[in-house]
Amino acid sequence: MDPLTLTAEALREPWRLWTGHLVHFGWEHALANALALAVPAILVRRQDRGRLLLAALVLAPLLSLALLPCLGGGQYRGASGLACALWAWVGLRLAGRRESFAPGLLLLGGLALKLSLESSLGACFLTAHSGWQTLSPAHASGALLGLCLAGLGFPVRRPQAAHRV
């Protein structure tokens, strides 16, 4: 068994809560996940880039813990759930500002459409690769966690220092 893949062993080997999102079923899977992660990374406001990284570091283990009951004796590999979390996090942060409302709404709308289609089809519709095993609850759980984290205002902005006159 791969020592980095997310499995039930994560309760005894906590690094798996982060590393499960870094291992993939092959280069095509890794490329698809990298493209999905690139969208929020490109759209996030410049001043929020550090917060995006911090959000990803917090969301990864939370998502892994949420997925453990879905695994049974199986494993989870990939960053698609984390990508959905970051789409939601960035989308909500963008939609909350007048100047970036439209891109934020498009990001959230695209995510909602993807999740709706997956729910109605009962499977991930964007992948047809036989070597991949998609865990649809990862996408919905990731989106929910991303919305919750952004809705709570995490990570919070440090107060600006008072300017002297």
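The values are calculated or read from the model by the stated rules, or taken from the named source; none is laboratory data. Given the structure is predicted, the values throughout are model-derived calculations rather than measurements. Cβ placement follows ideal geometry from the backbone for every residue including glycine, while neighbour counts extend to all protein chains displayed.
Structural remarks
- The number of residues in region 43-63 being under 23 Å from Lys114 (Cβ atoms) and modelled with pLDDT of 95 or more comes to 10.
- Under the condition of being more than 18 Å from Tyr76 (Cβ to Cβ), assigned to a helix (DSSP H, G or I) and of a type outside the set (A, V, I, L, M, F, W, C), the residues counted in region 26-47 number 3.
- Residues within region 15-34 that are within 18 Å of Pro61 (Cβ to Cβ) and surrounded by 13 or more Cβ atoms within 10 Å (Cβ to Cβ), tallied: 9
- Hey, Gly104 over 15 Å from the mean Cα position of the chain (by Cα), modelled with pLDDT of 95 or more and in a helix (DSSP H, G or I) or not: yes
- Selection within region 66-81: residues that are of a type in the set (A, V, I, L, M, F, W, C) and touching a Ser or Thr at 6+ places or on another chain (Cβ under 9 Å). The member of this set that is surrounded by the fewest Cβ atoms within 10 Å (Cβ to Cβ) is Cys70.
- Checked against (1) assigned to a loop (DSSP other than H, G, I, E, B); (2) of a type outside the set (Val, Ile, Thr); (3) within 19 Å of Pro155 (Cβ to Cβ), Cys124 meets all criteria but (3).
- Qualifying positions in region 94-116 - more than 16 Å from Gly142 (Cα to Cα) and not small (Gly, Ala, Ser): Leu94, Arg97, Arg98, Glu99, Phe101, Pro103, Leu105, Leu106
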